[in-house]
Amino acid sequence: MQENPTVWLFDLDNTLHDADAGIFHLINRAMTRYMARRLKLSESAASDLRQDYWHRYGATLAGLQIHHPEIDIAEFLRESHPIDAILTRLHGMADTETPYAV
C-alpha cells in the first residue's frame, strides 16, 4: 500500500464548500481571458463563445476540443482554474479539526 496516497476529491454538488464564494466566477473569468488571448477574440466575444460551448456541449473544454483542436488542454486547465486564488476562497470543512473523511 502506498504510504502517502494521492487523493482527488471532486465536489460535484457544492456540498463541501460555499458555492457563493465566487469560485465559479473566478473560473469563468479566467476561461474567458484564456479564450480571448488564444483565439484572438474580444473579452465579450470570448465570454459569449464560452457560454455557447457550455450550453451546447456541457463543458467549455468540450467545445474547445471540437472546434479548436490546437488548444493545449493542460494549458487551458492550468490557466482557467487558478488554484491559489480558489483556495483562498474555500472555507468550511477544511478549516476544522474534525476528520470528515478517512
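The values are calculated or read from the model by the stated rules, or taken from the named source; none is laboratory data. This one's a predicted model, so the numbers in the text were calculated from it and none came from an experiment. Note that each Cβ is placed from the backbone with ideal geometry, even for glycine, and that neighbours are counted across all protein chains shown.
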The helices (runs of 4 or more DSSP H) lying entirely within the chain that contain at least 2 residues which are more than 13 Å from the chain's Cα centre (by Cα) and modelled with pLDDT of 95 or more are 23-39, 43-57, 60-67
In the range 29-49, residues that are of a type in the set (A, V, I, L, M, F, W, C) and surrounded by fewer than 16 Cβ atoms within 10 Å (Cβ to Cβ) total 2
